[in-house]
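K.L.:
For reference, the structure I am asking about is given below.
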Amino acid sequence: MPLLEETTLPQEHPPTLPVVVIGNGPSGICLSYLLSGYKPYLDTGTVHPNPILYRKLQETKHLPITEQDLEYLSEGLEGRSGNPVAVLFDSLLHPNADFGYEFPPVLQWRRDKQQHIPHLVLGRATPGGAWHAMEGSMLTISLGIWMELPGVNYRDLTSGKRRGSINDRATPEEILSYYRNYVKLMGLQKNFVDNTYVTSVQKLCRGHEGKGLENGHAELGNGGVGYGETGGFEGKGIECKDSGGGGSLWEVRGYQRVQNDTHVPFCLFAENIVLATGASDSPARLGIEGEELPFVFPSISDLGLAINQRKLDANSDPILIVGAGLSAADAVLCACNSNIPVMHVFRKNLDNPNLIFKQLPKTLYPEYHKVYHMMCSKTHDRMGAPSAVNGPQAVSVASTVCAKMCPKPQHVTTNMATNGSLSLFPDYTSFPEHCVVSFQPDMKCVLQGNNSLKAFKISMALVLIGTNPNLFFLKGQGQYLGLDPAKPISCKQNPIDIEPYTFECTKEPGLFAMGPLVGDNFVRFLKGGALGIASCLLKRLKKKGKLIRNGGSNFL
């Protein structure tokens, strides 16, 4: 992403907002809904199947959930998220969903325009976030109704499409359309600025209280967002000489891409920043020799492109798929459906309880269990080990690399084989407990497993071992925010450390994070972040007397 020179950014009267959300996927959309005055109340015409939770809800049924004690409501609940508020909100929206029931939500939504918090949601495309980049023909891992956001039934926006009560999953194309339409139906467009790229977020000291910004005007591109009168909020003079200014603001810089690919820079201030960028920015890498070669790719879309361009067919050398997650399984299905031979390499043991396939019901996910069956029944070991050639080749280097990659480093005692393709199944072969040592310019991959090195000729390699968030716009790429500040932010291994009921970063007041950044990778649970953040901000701003009184945002 190109960066703009500091001197090109507007310097006079940048707007100041209570909240700026970075990311316009389902996390940002749901948060915008809650910040726009939509408030969840207990629907007195329903009964929650959890009697303890229902009794708690009855105690304060006159109050919206956002004004209640989320810790008290969450106590004792269990679910598939490690965050208690995520489990609470999911339980209210989809009671007993994990038991296969489809009970209606126990919430009703009322809009209170007096409780609107001015905010902007910045996204690199139209609303939908990472769903823009997903393969449209695949089915979501979650049921379609679990992908919906509060207030709008998913099926109502998808023409009543339903694939059956057992398999009610959706395509990414349908989900993306739902999110776009949701923003329009809920009247949230004014909060969203599309095609914006944030290049810098840094904390500034808050100086003296200044006068309101009178008729100021700074725009985000053509048709973008400016600001005018403060609508009851006082402008803040910014002084960065020391940290004794009585608080702080966040400065957000970046650019908006407009017609003819013109980049229009912007700068604004925010009292609070919400990170809702997801986790799909940077594909995870193996960090091995040859990973930059032109036949090695990080996305399943590259496989689809090669198939559409007829670069692969049943007579091609096998493609190598690395990884044991759902993306790798999708790639296996895609290749097998096109009769392209596959080598599937992954480090886990087939009996590992952490394999995602062991966590998915067979009735809902038959295609993934088909892949798992192939992984177990068509292993390379069943074909017998390939013959070895004379002379050691790069054994010491391979041992060092594999020691870094494999959970149980193995000592290489045999020579490298170069004729491994003779021992492959014609359509699919799995290599459990193997790791890739290197890719070679002659279109070969070198694998290690079972105390041996094996070289195979391939036509293409897909490294599908997950993705990492790219927080380049934060100090130190945001690494200091993680549970382990010594490691980069990772949604699974090292998520951002947050307060569990407010989603505020423990190491940075005024900075919030939600969704995959805090370990909630499913839409079903990331909505809990919106509830926690909205509840926190509403209580804080109400205490300060800074909620909008006229039902709208004069910053927009």
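K.L.:
If you add up the charges near SER36, with Lys and Arg at +1 and Asp and Glu at -1, over every other residue whose beta carbon is less than 11 angstrom from its beta carbon, what do you get? Don't skip to the answer; put the middle values down first.
P.N.:
On the way: positive: LYS39, ARG111, LYS113, LYS190; negative: ASP112.
Local net charge: +3.
K.L.:
Could you tell me which residue out of ASN272, ALA314, ILE288 lies farthest along the dipole of segment 270-322 toward its positive end? Charges go on the beta carbon: Lys and Arg +1, Asp and Glu -1, centred on the Cα centre.
P.N.:
Result: ALA314.
K.L.:
Same structure again: Would you calculate the separation in nanometres between label points at HIS373 and ASP442, each defined as 7 Å from the Cα along the Cα-to-beta-carbon direction?
P.N.:
Using points 7 Å along Cα→Cβ, the separation is 3.9 nm.
K.L.:
Where does each of 54-66, 35-47, 462-474 land if you order them by average Cβ count within 10 Å, highest first? Please report the intermediate quantities before stating the final value.
P.N.:
On the way: 54-66: 15.9, 35-47: 18.5, 462-474: 21.0.
Peptide ranking by packing, descending: 462-474, 35-47, 54-66.
K.L.:
Go through LYS61/LYS544; LYS39/LYS542; LYS348/LYS370; LYS348/LYS487 and tell me which ones have a Cα-Cα distance over 20 Å in this structure. Please list the in-between numbers first.
P.N.:
Numbers: LYS61/LYS544 25 Å; LYS39/LYS542 15 Å; LYS348/LYS370 18 Å; LYS348/LYS487 23 Å.
Table pairs above 20 Å Cα-Cα are LYS61/LYS544; LYS348/LYS487.
K.L.:
Before I look further, what does segment 418-477 give for accessible area per residue, probe 1.4 Å, in whole square angstrom? Write down the numbers at each step before the final one.
P.N.:
Values: 2110 Å² over 60 residues.
That works out to 35 Å² for each residue.
K.L.:
Where the accessible area of segment 8-87 is counted over protein heavy atoms with a 1.4 Å probe, how much of it, in %, is carbon and sulfur? Don't skip to the answer; put the middle values down first.
P.N.:
Details: 1590 of 3190 Å².
Looking at segment 8-87 in its full context, I get 50 percent from C and S.
K.L.:
Also, quick follow-up: Calculate the spin-label point distance for ASP313 paired with LEU483, positioning each point 7 Å from the Cα along the beta-carbon direction, and give it in nanometres.
P.N.:
Reported label-point gap for LEU483 and ASP313 is 5.0 nm.
K.L.:
Would you mind calculating the gained length between ARG111 and VAL47 on full extension (0.36 nm times residue separation, minus the Cα-Cα distance), in nm to one decimal?
P.N.:
Result: 20.8 nm gained on full extension.
K.L.:
A further question follows. Please give the charge dipole size of segment 418-522, origin at the Cα centre, charges +1 on K and R Cβ atoms and -1 on D and E Cβ atoms. Round to the nearest 20 debye. Let's see the in-between values first.
P.N.:
On the way: 7 positive and 9 negative charges, 90 e Å.
Dipole size: approximately 440 debye.
K.L.:
If you don't mind, another one. Can you give the FRET efficiency for LEU185 and GLU75, using 1/(1 + (r/R0)^6), R0 = 41 Å, r = Cβ-Cβ distance, to the nearest 0.05?
P.N.:
Working: r = 35 Å, r/R0 = 0.84.
The formula returns an efficiency of 0.75 here.
The values are calculated or read from the model by the stated rules, or taken from the named source; none is laboratory data. Fair warning: this is a prediction, and the values are worked out from it, not measured in the lab. Every residue, glycine as well, gets a Cβ built from its backbone with ideal geometry; the counts of neighbours run over all protein chains shown. Quick note on the areas: whole protein, heavy atoms, side chains included, nothing else; ligands and nucleic acids left out. Shrake-Rupley method; radii C 1.70, N 1.55, O 1.52, S 1.80 Å.
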